[in-house]
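Novice: First, the structure itself, so that you have it in front of you.
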Amino acid sequence: MHAELEPLFRKYSPMVFRVCRRYIHDRDEAEDLTQETFLKIDRHLESFREDAQMSSWIYRIAVNTCLDHLRTRKRRASLAEEHFDPAVEANLTGAGDRELAKVDLDRILGEIKPEIRQILFLTLAEGLTHKEAGGVVGKSQEAIAKILSRFKKGMAVRMGALPTSKGTTTSRDN
């Protein structure tokens, strides 16, 4: 174990645990993944590029650890439409409470595709710009904007707010 790991653990473990808790809803599992994240940091500390911020590097390792964990469990499900009400929408669009947005995202997104979930958390819950989120996930600002746009359009179609690709409007009641 590197001597530099202990101060990193003291400084960044709350952030890492918070990230793990958002991805993994079980506290014990999140604690295990926090430990796993720091084991990965220890193994790869020499490969840290000084041109990056340490916090961004650690954040990315934590997120990837959680995503890897989710992939191994092969957890996927569709969004629960009944949770998408106007108050939740206000939180998620920035007109509402950012802390409630984090809770709403956890509840709504549960097991959505991990890459999309990560981007939504970074931009909607953490408040990162498209450029900052792109830096964390290794994508361009434009790619983040496109992913979010497609997600929002898909949600709007699901909710009956936009026409489908055939020009008809969908409805929840149908």
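Coordinate-derived values only; no laboratory data. All values derive from a computational prediction rather than experimental measurement. For neighbour counting, all protein chains shown are included, and Cβ atoms are generated from backbone atoms with ideal geometry for every residue, glycine included.
Novice: Could you calculate the contour length gain from Asn64 to Lys113, that is, 0.36 nm times the residue separation minus the distance between their Cα atoms, to one decimal place in nm?
Specialist: Details: separation 49, 0.36 × 49 = 17.64 nm, distance 1.32 nm.
Full-extension gain reported as 16.3 nm.
Novice: Could I have the simple spin-label model distance between Ala52 and Arg10, label points 7 Å from Cα toward Cβ, reported in nm to one decimal?
Specialist: 2.5
Novice: If Rh is defined by the Kirkwood formula over all Cα pairs and Rg also comes from Cα, what ratio Rg/Rh do you get for region 1-57? The partial results should precede the final answer.
Specialist: Details: Rg = 11.6 Å, Rh = 11.8 Å.
Here Rg/Rh amounts to 0.98.
Novice: Please give the net charge around Gln141, taking every other residue with its beta carbon less than 11 angstrom from that of Gln141, where Lys and Arg add +1 and Asp and Glu add -1.
Specialist: Numbers: positive: Lys131, Lys139, Lys146; negative: Glu132, Glu142.
Computed value for this residue: +1.
Novice: Sticking with this one: List the residues of region 55-72 whose backbone N lies under 19 Å from a point placed 7 Å from the Cα of Lys131 along the Cα-to-Cβ direction.
Specialist: Taking a point 7 Å out along Cα→Cβ of Lys131, the residues of region 55-72 whose backbone N falls under 19 Å are 55-57.
Novice: Continuing with the same structure: For labels at Gln35 and Ala145 in the simple 7 Å Cα→Cβ model, what's the distance in nm?
Specialist: My value for the distance between the label points is 4.4 nm.
Novice: Here is a follow-up. Of the listed pairs Lys131/Lys153; Lys131/Lys152; Lys113/Lys139; Lys11/Lys131; Lys113/Lys153, which have alpha-carbon separations greater than 23 Å here? Write down the numbers at each step before the final one.
Specialist: Values: Lys131/Lys153 21 Å; Lys131/Lys152 18 Å; Lys113/Lys139 16 Å; Lys11/Lys131 25 Å; Lys113/Lys153 16 Å.
From Lys131/Lys153; Lys131/Lys152; Lys113/Lys139; Lys11/Lys131; Lys113/Lys153, over 23 Å: Lys11/Lys131.
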